Structure formats: C-alpha cells, structure tokens
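Reviewing the structure listed below.
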C-alpha cells in the first residue's frame, strides 16, 4: 500500500514505532487527518460550547497510539487535491455562515406580508372598472390544518440543521432541540459524523424546507385571508415540492443500501423513522391529488368559459 500524502509522517512514525504494523500506522495517520479536518469545521462555525469541545477531545485523546476511533473505521485517505481544496483561503461559510440562515428566514417572513396582495388590491385589480366578482378558492379543513401544524415543526427542524454543532447533544443550544438526542443517532444524516465530514445533504434539504414552508404560509394567507384564486396552485406546488423531496430522501437510503438508518433494529426504525417520515409522503401525496383535481376542474371551466365567450362574440 502506497499513500504519497502520508509518506513523510509515515517514516517518522515508523521510527517511533519500529514494531508497529504498517496498516495500523496508516490508519492512525488517516485519523489524524480526520481530526485536523474536524478542527477546521469547529473553527468555521466558531460557536461550539466548551462541554461539547471537551467531550470530543476525550474521544480523540492519544489518537496516534490508540488508532482509528470506532466511528471512522474504514475511511479512505484524503487525496492531495482534496487537501488543497480544504486548505484554500476562500471559505464561503466565513462569508455566509449557516447560523445566519435563521435570520434570513425571519426577515423574509416579516417581509412576506408586503410581498402578497391584499384583498382590497385584488378587488381593484380584478374588477378594473367592471363588475366582476372574485371567485374564492376552494379550501379543505384537513389541508389547512396540515399546513398550519407542520409550519412551526418544519422551521424547528430547519433550525436544528442550521445551528449545528451548537444544537447537537452537548451543545449550548441543545436544550431547544433535545428530542434530536435520539433522532441524530437513528438517522445518521443528522448525526455528528455526517456534520464532521462536511456532508451537506441535511443542510441542503433544510434549505429546500424553508422554501416549501414559506409556500405553505403563502397558501394559508392567500386561501383564507386574501381569497386569491391562484391559492390552489400555490398549495399544489408546495405539496408537490415536499412530496418530491421526501421521495428523494427515501430513495437515497434505498440506493445507498440504507447507509444512514440501516444500523437500527426494526422497532426503532419503525417508530423513529418510517412512521414520522411516512407522514411526509402520505399527506403531501393526498394534497397533490386533491388540489390537482381542483386545478384540472378550474382549467376545464376556464376553457369552456373562453369558448362560450368566443361564440357569443362571433354572433
């Protein structure tokens, strides 16, 4: 086995440990590279609590002598090209840290009322000098309740992902996300190891959650307050985005051979992953079907009305 990136340190460690196995020394060097990368992640966020930091240092204590920690066994060495990228002076997270995303969400939400049309504006626009009544969108109690109940839950989940590592167990903000003490061990996408190695899937899907949730809020406002006819399209789009993203989440687990949840027993997997995440397939799917039918009916009605108007005009 030949890993050029480790050649210098490898020879020095051979001098310190002449009787050591070559493979075990290489594993130790890989672990030290992993520890260095994790230190850079901590420096990037710069907000890890003292307790969190001390617990992790205990985990990696005497690393060259003890070898690879249990949770990074079998990891391949980093390539020189990857190291050059990691050592680059340009770091987007220093310019736009993930911890600023909640502020962005809050400011955008506060501006949402200004971006949406009021009922008075809609009346003025639609009438435009003619006596044309506004057709209120068809609403469903169960759809509105789903959007209303899940609105704070989604932002709570988004906050956990964007506030890592402070939201992890041991972090100073973990008290607000204490149920994730269990879930981050059930779904490793949310876990410490995924964050430590720079896996961006959890944060990326959380960013999409923000867009979907804002659309959910727009639907509730336009359907129940402004009585805006296109509200049905807004709700359909929001549910379709949620359904597609959740299906992708499940498909990713299947095609990676359950790499993030396969370590759980059946009961744990059913209670903490399948049932909760299954709701995000069931209800968005039903909403897409229900609002999709309404959209088709509205389009067919508009088409017939346009044809009738054309016939009357031709007479």
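Region 225-315 gives an Rg/Rh value of 1.28, both radii derived from C-alpha positions and Rh following Kirkwood. Take 218-226, 138-146 and order them by the average number of nearby Cβ atoms within 10 Å per residue, most first; the result is 218-226, 138-146. Listed from fewest to most Cβ neighbours within 10 Å, the set 149, 210 follows the order 149, 210.
The order of 272, 195, going from fewest to most other C-beta atoms within 10 Å of their C-beta, is 272, 195.
Give me log10 I(q)/I(0) at q = 0.12 Å⁻¹ for region 139-265, Debye formula, one equal scatterer per alpha-carbon, no solvent. At q = 0.12 Å⁻¹ the computed log10 ratios are -0.54.
Which order do peptides 202-208, 250-256, 275-281, 157-163 fall in by mean Cβ count within 10 Å, highest first?
The peptides rank, most packed first, as 157-163, 202-208, 275-281, 250-256.
Please give the FRET efficiency for residue 251 paired with residue 310, using the beta carbon to beta carbon distance and R0 = 51 Å, rounded to the nearest 0.05. Efficiency, rounded to the nearest 0.05: 0.65. One chain, two ends: residue 237 and residue 144. Fully extended at 0.36 nm per residue, the span grows by 32.0 nm beyond their Cα-Cα distance. Across region 197-258, Cα-Cα pairs more than 20 Å apart make up 39 percent of the total.
Any read-out appearing in this document is the output of simple, stated calculations on the displayed coordinates, not a laboratory observation. In this text the structure is predicted, and so the values were computed from the model without any measurement. In this analysis, Cβ positions are derived from the backbone assuming ideal geometry, glycine residues included, and neighbour counts consider all displayed protein chains.
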